[in-house]
Every structure is written in C-alpha cells, then in structure tokens.
Amino acid sequence: MSAKSIAVLTSGGDAPGMNAAVRAVVRAGISKGFGVLGVRRGYNGLLSGDVEEMNLRSVSDIIGRGGTVLYTARSPEFNTPAGVQKAAEACKKLNVVGIVVIGGDGSFRGARDLTGAGVPCIGLPGTIDNDIASSEYTIGFDTAMNTAVEMIDRIRDTAESHDRCSVVEVMGRRCGDLALQVGVAVGATSILVPEVEWDFQKDIIDRMRFAQKSGKQHFIIMVAEGVGGTTELAKKIQETTGIETRATILGHVQRGGSPTLRDRVVASEMGYRAVELLEAGSSNRVVIMRGGKIVDLDITEALSMQRVFDKKLYDIALQISI
Ligand code: ADP
C-alpha cells in the first residue's frame, strides 16, 4: 500500500451517481499521487477491515451504473464513541490521510465524528431525496426524478384510458422535493408534501371538481412518502367522488437505474473537488452545490442548516395544474 492513502466509502441509502463519484475520487486521487483505498459497506468496512487498494481500472465501466460498487450500509457499531475510535485507529494503521464519505446527513455526522478522532473527512451529498439542507442538489436526485416521471407517464396512459384517478407515492420521508418536481412535471392535480399542510376537501376534492367542470376526466394526486396513508387516501377519494381511484407506491424502483447525465457530471465534479480539498489539507468539509456552482462548507455548519422548501414552485403548480 502507498505511504499516503486516501479512502472512499458510500454510506446510508444508495443513490444513482454514487459510482461516478467513486470513480472521480479514485482517478483524481491516483493522478494526484495518493494511493486510494475503497472501503466496502460504509463505515462497517473500516471496522471490519473490508478495504481494497483501487487502481485506475478498478473503476472502469462504472460511471453509467446505478447502485454503488463499494456497497453501502448503516452501521450501528460505528454510531458509538467506541466505534468511531476503532475506525480512526484502523485508518491510522492503513496510513489513511483522509476519507471521502458519500452519503446523506447521517453519514456526514459520522464524518464529523471521525474528523474529531483525527481522520480528516470530506462529505459528498448522495441521496435521491435532495434532503440535505446545505446543498441545492444531491447526487441521485435527477435520476430519481426522471425515473418517477417515466413511471407516472405510463400510469397516466392507463388512467386516461379509463377516466381514473391515480394516487402516486414517491420517496421523500422528510422532504417533498421529489414529489414537488415530479408533480409539476406530470401535471398532478394535487401535490401533498410534508412541508405544507393540506386539507382533503379543499386541496384534493374541490380541485378535482373544479377541473371536472372544464372536462378533465383523469387525475394524478402526488404524495410524498413522508405524508403517507396513500392507499387509504385513494379509497377515500373514490368514496367521495365516485371516480375509480388506484394507489401506486413507486418504492425502490426510484433508487435504481443508470444515472442521468446531470448526476454523472455533478458526481464527477464533486468527487474531484473532494480530492482537491484533501490535497490542500482541508478537513471536516462537505462539497455542496450553491447558486449552481460546486463549493464547500464546514460539515458542522452544514449540519446545522434548515432546508428551505420551494414554496414558489408549489404555488405555481397549484395555479397551472388545473
Ligand atoms: P444517510 O447518510 O443516508 O443519512 P443514515 O442516517 O442511515 O444514512 O447514516 C448512515 C450511517 O452514518 C449510520 O449507519 C451510522 O453509522 C453513521 N451515523 C449516523 N448518524 C451518526 C452520528 N450522529 N454519529 C456518528 N455516526 C453516525
């Protein structure tokens, strides 16, 4: 193993584009003179020594693949002071001078703790939910949006043929970004997100009835996972309106698939930036998108930020999806 190595791992929920980020870290790291170690299954790999030395060809043909070739995991053991200490000691034995952690807020908390234990970490935002407050964009979001739109366009074809209402649930436990963007893109009559309170009569039934008056006969109601109750909602809409209503929960289909151009490019830029930061001796930073540009921010500061929901786009959707 090289005298001076950096490591890369993917942690928490997987997202399309993580592989493109891993590839960028490996290639940039090697070209800047580092050895690069791939850590398997998130922080678990540091604890169990599941680590391999990467070379330029280890990441051939992965830029277009979904999932993560390094595998990912949630690690309860790492999420303890003793676990963090054990991981830090493992890094020192491996001559690791820095780690790039690709994941969500939970993974960044781990990166902050590991930096505190003496191993400089850089976080890259990878999650299909776009739920990282510090970054306008997270790796995987574009692919997930496009997958959901493609699926709902298919549902729409059949809903339209039968004059049906379709209630479609997309991912997003705490964050309605996916539901909002996809809802606008498919012309959903109602968009229900955790960030905005809604009323069954006013925000669903009255809107359906209003659209019916001008001849609309099929409807899509978009629900974010965090709102929940999708199947019951479909039943209630059918009982109230008499319109045949079906519920579809898209689920994990949204996590998979080949990353879009945007995710591949953003992941490549962010991965490169992470290595530049380690080369410059920075630590405890997260690479983010702000104003459309790739910049970086202190992890602790990033973790204290509050997400801002795009209420303007939500209001536009209310006015034009009628
Ligand atoms: P995500 O990164 O997608 O938000 P999780 O919240 O599951 O996913 O976090 C991934 C892993 O990061 C956890 O399994 C745990 O090992 C580590 N982690 C999460 N929170 C903390 C924390 N507060 N301190 C240390 N490690 C943490």
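The values are calculated or read from the model by the stated rules, or taken from the named source; none is laboratory data. Here the structure is a predicted model, which means the values were calculated and not measured. Neighbour counts are summed over all protein chains in view; Cβ atoms, including those assigned to glycine, are modelled from backbone coordinates with ideal geometry. The protein model used for the area step is the full one, side chains on, heavy atoms only, and it has no ligands, DNA or RNA in it. Shrake-Rupley method; radii C 1.70, N 1.55, O 1.52, S 1.80 Å.
Would you kindly identify the helices (runs of 4 or more DSSP H) lying entirely within the range 176-263 that contain at least 1 residues that are within 27 Å of residue 68 (Cβ to Cβ)?
In the range 176-263, the matching helices (runs of 4 or more DSSP H) lie at 177-186.
For the range 309-320, check the following and say yes or no: at least one residue is more than 20 Å from the chain's Cα centre (by Cα), in a helix (DSSP H, G or I) and among the polar types (S, T, N, Q).
Checked against the condition, which is being more than 20 Å from the chain's Cα centre (by Cα), in a helix (DSSP H, G or I) and among the polar types (S, T, N, Q), the range 309-320 yields at least one hit.
Pull up the range 54-78, narrow it to residues that are farther than 18 Å from residue 6 by Cβ and among the hydroxyl-bearing types (Ser, Thr, Tyr), then point me to the one that is farthest from the ligand (Cβ to nearest atom).
That would be 60.
Which one of these is on the phi < 0 side of the Ramachandran plot and open to solvent by less than 20 Å² (accessible area, probe 1.4 Å): 161, 134?
Unique residue meeting the criteria: 134.
Answer yes or no as to whether residue 38 is away from the ligand (no atom under 16 Å from the Cβ) and either of a type in the set (Val, Ile, Thr) or surrounded by fewer than 18 Cβ atoms within 10 Å (Cβ to Cβ) (or both). If you could, list the steps in order and put the result at the bottom.
Working: away from the ligand (no atom under 16 Å from the Cβ): yes; either of a type in the set (Val, Ile, Thr) or surrounded by fewer than 18 Cβ atoms within 10 Å (Cβ to Cβ) (or both): no.
Judged against the criteria, residue 38 is not a match.
List the residue pairs whose Cβ atoms are under 6 Å apart, where the first residue sits in the range 9-33 and is within 22 Å of residue 129 (Cβ to Cβ), the second is open to solvent by less than 10 Å² (accessible area, probe 1.4 Å) and of a type in the set (D, E, K, R), and the two are 6 or more positions apart or on different chains.
So the pair list comes out as 16/263; 17/263.
Residues to consider are 245, 240, 300; find the one that is touching a residue at least 60 places away in the same chain (Cβ under 8 Å), out of contact with any strand residue (DSSP E or B) (no Cβ under 8 Å at 6 or more places or on another chain), β-branched (Val, Ile, Thr) and more than 19 Å from residue 24 (Cβ to Cβ).
Details: 245 fails: out of contact with any strand residue (DSSP E or B) (no Cβ under 8 Å at 6 or more places or on another chain); 240 fails: touching a residue at least 60 places away in the same chain (Cβ under 8 Å).
The conditions single out 300.
Yes/no matrix, rows are residues, columns are (1) under 14 Å from the mean Cα position of the chain (by Cα); (2) farther than 17 Å from residue 19 by Cβ:
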{"position": "260", "(1), (2)": "yes, no"}
{"position": "270", "(1), (2)": "no, no"}
{"position": "280", "(1), (2)": "no, yes"}
{"position": "287", "(1), (2)": "no, no"}
{"position": "293", "(1), (2)": "no, yes"}
{"position": "298", "(1), (2)": "no, yes"}
{"position": "303", "(1), (2)": "no, yes"}
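Can you tell me which of 185, 144 is farther than 28 Å from residue 239 by Cβ, in contact (Cβ under 8 Å) with a residue 40 or more places away in the chain and open to solvent by 10 Å² or more (accessible area, probe 1.4 Å)?
185
Does the range 16-35 hold any residues that are among the polar types (S, T, N, Q) and either within 16 Å of the ligand (Cβ to nearest atom) or open to solvent by less than 10 Å² (accessible area, probe 1.4 Å) (or both), and which are they? Show your work before the answer.
Pass one, the range 16-35, residues among the polar types (S, T, N, Q): 19, 31.
Passing the criteria: only 19.
Determine whether residue 51 is under 28 Å from residue 261 (Cα atoms), touching a helix residue (DSSP H, G or I) at 6+ places or on another chain (Cβ under 7 Å) and either at pLDDT 95 or above or within 9 Å of the ligand (Cβ to nearest atom) (or both). Even if it seems obvious, please write down each step before you answer.
Working: under 28 Å from residue 261 (Cα atoms): no; touching a helix residue (DSSP H, G or I) at 6+ places or on another chain (Cβ under 7 Å): yes; either at pLDDT 95 or above or within 9 Å of the ligand (Cβ to nearest atom) (or both): yes.
Answer is no for this residue.
Identify the residue in the range 96-106 that is open to solvent by 10 Å² or more (accessible area, probe 1.4 Å) and within 17 Å of the chain's Cα centre (by Cα) and, among all such residues, is farthest from the ligand (Cβ to nearest atom).
105
Would you check which residues across the range 107-120 are within 9 Å of the ligand (Cβ to nearest atom) and either within 16 Å of residue 22 (Cβ to Cβ) or open to solvent by less than 40 Å² (accessible area, probe 1.4 Å) (or both) and list them?
107, 108, 110, 111, 114
Can you pull out every residue in the range 282-293 that is in contact with a strand residue (DSSP E or B) (Cβ under 9 Å, 6 or more places away or on another chain), farther than 21 Å from residue 62 by Cβ and open to solvent by less than 70 Å² (accessible area, probe 1.4 Å)?
Correct list: 282, 283, 284, 285, 286, 288, 289.
Only one of these conditions is not met by residue 155: (1) within 30 Å of residue 126 (Cβ to Cβ); (2) modelled with pLDDT of 95 or more; (3) open to solvent by less than 50 Å² (accessible area, probe 1.4 Å). Which number is it?
(2)
Return the total of residues in the range 42-88 being free of Cβ contacts under 8 Å to residues at least 12 places away in the same chain, out of contact with any strand residue (DSSP E or B) (no Cβ under 8 Å at 6 or more places or on another chain) and more than 18 Å from residue 109 (Cα to Cα).
Residues flagged as free of Cβ contacts under 8 Å to residues at least 12 places away in the same chain, out of contact with any strand residue (DSSP E or B) (no Cβ under 8 Å at 6 or more places or on another chain) and more than 18 Å from residue 109 (Cα to Cα) within the range 42-88 amount to 4.
How many of the residues making up the range 307-318 are open to solvent by 40 Å² or more (accessible area, probe 1.4 Å), closer than 18 Å to residue 137 by Cβ and modelled with pLDDT of 95 or more?
Summing the residues that are open to solvent by 40 Å² or more (accessible area, probe 1.4 Å), closer than 18 Å to residue 137 by Cβ and modelled with pLDDT of 95 or more in the range 307-318 gives 2.
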